[in-house]
Amino acid sequence: STIVIFYYITDRIRSAEIVINDMSPSINVTFPVMSTNQTISSTPVILNLCQGFNSIRIYNRDDYTPDIDRIIVY
């Protein structure tokens, strides 16, 4: 398991599904509002990444996802 920090901006609480390497199951993540929608917030997520290259897909079929600023893998 790997800690991945998502940095984002959102105007309200939003959720997203995260899929690693196009494999099931997806992980549902809630992105809370930390202050204004001009402030970059962050939330840590534990993901099962493989060594080497990985793909991370972030989506929500019913609503917008937060605006992702950057992703840092530890």
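Output the residue which, of all residues in the stretch 1-21 that are within 11 Å of the chain's Cα centre (by Cα) and either surrounded by fewer than 13 Cβ atoms within 10 Å (Cβ to Cβ) or charged (D, E, K, R) (or both), is nearest to Thr39 (Cα to Cα). Across the stretch 1-21, the extreme among qualifying residues is Arg14.
Just one of the numbered conditions (1) of a type in the set (Asp, Glu); (2) part of a loop (DSSP other than H, G, I, E, B); (3) touching a residue at least 24 places away in the same chain (Cβ under 8 Å) is not true of Asp69: (2). List, please: which pairs have Cβ atoms under 9 Å, are six or more places apart or on different chains, and start with a residue in the stretch 30-50 that is farther than 10 Å from Ile9 by Cα and end with one that is of a type in the set (Phe, Trp, Tyr) and not in a strand (DSSP E or B)? Cβ pairs passing all conditions: Pro44/Tyr74. Restricting to the stretch 32-66, give me the number of residues that are assigned to a loop (DSSP other than H, G, I, E, B) and either over 19 Å from Ile3 (Cβ atoms) or not hydrophobic (A, V, I, L, M, F, W, C) (or both). Of the residues in that region, 19 qualify. Restricting attention to the stretch 1-29 and to residues that are assigned to a strand (DSSP E or B), without any contact (Cβ under 8 Å) to a residue 60 or more places away in the chain and touching a Phe, Trp or Tyr at 6+ places or on another chain (Cβ under 6 Å), the residue that is nearest to Val73 (Cα to Cα) turns out to be Glu17. Within the stretch 24-38, if we keep just the residues that are modelled with pLDDT of 95 or more and among the hydrophobic types (A, V, I, L, M, F, W, C), the residue that is surrounded by the fewest Cβ atoms within 10 Å (Cβ to Cβ) turns out to be Ile27.
Restricted to the stretch 44-63, and to residues there that are touching a Ser or Thr at 6+ places or on another chain (Cβ under 8 Å) and not aliphatic (A, V, I, L, M), the residue that is surrounded by the most Cβ atoms within 10 Å (Cβ to Cβ) is Asn60.
The values are calculated or read from the model by the stated rules, or taken from the named source; none is laboratory data. Because the structure is predicted, anything quoted here is derived from the model rather than measured. Ideal geometry is used to build each Cβ from the backbone, glycine not excepted, and the neighbour counts take in all protein chains shown.
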